[in-house]
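Data block below; observations after.
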2 protein chains.
Amino acid sequence: MTSASAPAAGTGGRVLDHPARDEIRVEAVLHALSDPMRLRIVRELAAAGSELSCSCFELPVTKSTTTHHFRVLRESGIVQQVYRGTAKMNGLRRDDLEELFPGLLDHVLDAADRQARRIGEER
Amino acid sequence: MTSASAPAAGTGGRVLDHPARDEIRVEAVLHALSDPMRLRIVRELAAAGSELSCSCFELPVTKSTTTHHFRVLRESGIVQQVYRGTAKMNGLRRDDLEELFPGLLDHVLDAADRQARRIGEER
């Protein structure tokens, strides 16, 4: 186990639990990505290419469901959540995922893009 | 919708429901692959490179659980199940998956292989 993947403490002083890189499991990653809302969040984060606050996402679900989805993404190792002041910022753990599972995230994102174009799904 | 993906009727005359190619969804594929037993089944089918009967798989779960896992794999579009006489044969729908989501299955299999080597998991 390493601490390399642990997020820096936010200015708010609250630090959320994240799996270290070597604790990330492919089954948990696939499970996290198998939900339409979570896949949408990950696609938006990938498109943004930077951290986004939870409030940037306008999802057709309740706030508590949104919080749950972000927690699943964090606990699976896909997303890093850090408090910056009062905002909870979210970023993809691209480096960790790429090191463990090369190409996996990009191929999932590509599959989701292809499906959206094919069936006219909203992003 | 096409019938190109529908499996041929087995000699037993019983035909199981499968999604047509254009009914396959990436979320369902990822969900099916997110279970350790199902991922193991898919890895064994990929390694075999041919159809295998359900009885070829020695999984540490009950027969009814095994049947459930194969059903999830079939209903998600990953596996084609065909009766041949009294045997239910299973094959990966590689062509359908590759057409819809190029490289996805191979990258999931690669990720699972890497994880198995890394943490010494049984296949």
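Just A:74, A:14, A:25 to compare: in a GNM of chain A, with alpha carbon springs under 10 Å, which one fluctuates most?
Between A:74, A:14, A:25, it is A:14 that shows the largest mean-square fluctuation.
Could you go through region B:105-116 in sequence order and give the Karplus-derived ³J(HN,Hα) for each residue, using 6.51 cos²θ - 1.76 cosθ + 1.60 with θ = phi - 60°, rounded to whole Hz, and x for Gly and Pro?
My calculation for region B:105-116 gives 4, 4, 6, 5, 5, 5, 4, 5, 5, 4, 5, 4 Hz in order.
Kindly give the distances from residue B:17 to its copy-mates, label point to label point, with each label point 7 Å from Cα along Cα→Cβ, as nm values to one decimal ordered shortest first.
Here residue B:17 shows inter-copy label distances of 3.9 nm.
Within straight cross-link reach of residue B:63, meaning Cα distance under 24 Å, which lysines are found once same-chain residues fewer than 8 apart are removed?
B:88
Would you mind listing how long region B:59-123 runs along its three principal axes, going by Cα atoms, in whole Å with the largest first?
Here the Cα extents, ordered largest to smallest, are 39, 33, 17 Å.
Tabulate in residue order the Karplus-calculated ³J(HN,Hα) for region B:83-91, using 6.51 cos²θ - 1.76 cosθ + 1.60 with θ = phi - 60°, rounded to whole Hz; enter x for Gly and Pro.
For region B:83-91, the Karplus-derived couplings read 6, 10, x, 8, 8, 9, 9, 10, x Hz, x marking Gly and Pro.
Just the number, please: Stokes-Einstein D of chain A in µm²/s, Kirkwood Rh from C-alpha pairs, 20 °C, 1.002 mPa s.
This corresponds to a translational diffusion coefficient of 145 µm²/s.
Would you mind listing the distances between the residue A:64 label point and the same position in each other copy? Use 7 Å along Cα-to-C-beta, nm, one decimal, shortest first.
Distances between equivalent label points, in nm: 3.3.
With unit charges on the beta carbon (Lys/Arg positive, Asp/Glu negative), name the residue among A:30, A:111, B:15 whose Cα is farthest towards the positive pole of the charge dipole of the protein assembly as shown.
Positive-most Cα among the choices belongs to B:15.
Karplus couplings for region B:44-54 from phi (6.51 cos²θ - 1.76 cosθ + 1.60, θ = phi - 60°), rounded to Hz, Gly and Pro as x?
For region B:44-54, the Karplus-derived couplings read 5, 5, 5, 5, 5, x, 8, 5, 10, 7, 4 Hz, x marking Gly and Pro.
Using only the Cα atoms, what convex hull volume per residue in Å³ does the protein assembly as shown have?
Dividing the Cα hull volume of the protein assembly as shown by its residues yields 136 Å³.
Computed from the coordinates by the stated procedures, all read-outs in this text should not be read as laboratory data. Remember, predicted model here, so these are calculated numbers, not experimental data. Neighbour counts are summed over all protein chains in view; Cβ atoms, including those assigned to glycine, are modelled from backbone coordinates with ideal geometry.
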